[in-house]
Amino acid sequence: MGVLRRVQNRLSDSKIELEAAIALDRNNARARQQLGLTLMWLGQPQIAIPQIEKAIKLNPYDPNIASYYWALGSSNLVSGRIDEAATLLEKARASNPRLFFVHLWLAAPLALRDELDEARRALAQSLKLRPEINSLARWRSEYPWYANPQFDALAEPTLYAGLRRADFPEK
C-alpha cells in the first residue's frame, strides 16, 4: 500500500503505510527500502539513509539488491555525498545493469566529479534501456514524486546539476 500511495504521489500517506508495515514486521527489508525512498522524495534523505542501510543488512542477498544500492546511492547523492553516491550507484549497476534508472542516477555524481565521459556513457546506457526518458521534463512527468518541492530543492544542486553537466536535456 505504501508503494501504491507513492505512485499516486501521496508521499505522506506512503510514509504512514510503510511505517505501519514495519511496525508489523520490523525485519521487512523491502518496506524499509521503500520507506527510505519515500523519505528521500519527501526531502528527508538523512532519515532515509539508515532505513535503507538496515534493509541491506536484513537482506543482503535479495535478488533485487541493486534497487537497495540505488536507493542508498540516491539518498547519498541528494544529501551531497557525491563520492559515496557514485560508489553505491556503481555497485547497483554491477548488481543489475538492466535498470535504466541506475545508469541515469549514476551519471549525475560522475559528472559532478568531472568524469564526463563516463557520465555520458551512463546516460547513453540509460537511454538505450528506456529511450522515452530522454529529458528532465519527461522524467518528471513520468514520475511525479520527483517534482515534490522538498526533494526538488535537494536534487537541483546535485542530481539535476550533474545530469545537466552530462548533457541530459531539460526538455
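We did not get these values from a lab; they are worked out from the coordinates using the rules stated. Values in this document were obtained by computation on a predicted structure and should not be read as measured data. Cβ coordinates were reconstructed from backbone atoms using ideal geometry, including for glycine residues, and neighbour counts include every protein chain displayed.
If only one of 141, 67 is among the polar types (S, T, N, Q), without any contact (Cβ under 8 Å) to a residue 40 or more places away in the chain, out of contact with any Ser or Thr (no Cβ under 6 Å at 6 or more places or on another chain) and surrounded by 14 or more Cβ atoms within 10 Å (Cβ to Cβ), which one is it?
Details: 141 fails: surrounded by 14 or more Cβ atoms within 10 Å (Cβ to Cβ).
Just a single option satisfies the conditions, and that option is 67.
For the stretch 1-46, give me each residue that is of a type outside the set (Lys, Arg) and not in a helix (DSSP H, G or I).
Filtering the stretch 1-46 for residues of a type outside the set (Lys, Arg) gives 1-4, 7-9, 11-14, 16-25, 27-29, 31, 33-46.
Passing the criteria: 1, 8, 9, 25, 27, 28, 42, 43, 44.
Selection within the stretch 116-171: residues that are outside any helix (DSSP H, G or I) and aromatic (Phe, Trp, Tyr). The member of this set that is farthest from residue 44 (Cα to Cα) is 168. Within the stretch 1-26, the set of residues being touching a residue at least 24 places away in the same chain (Cβ under 8 Å) and within 22 Å of residue 88 (Cβ to Cβ) comprises 3, 6.
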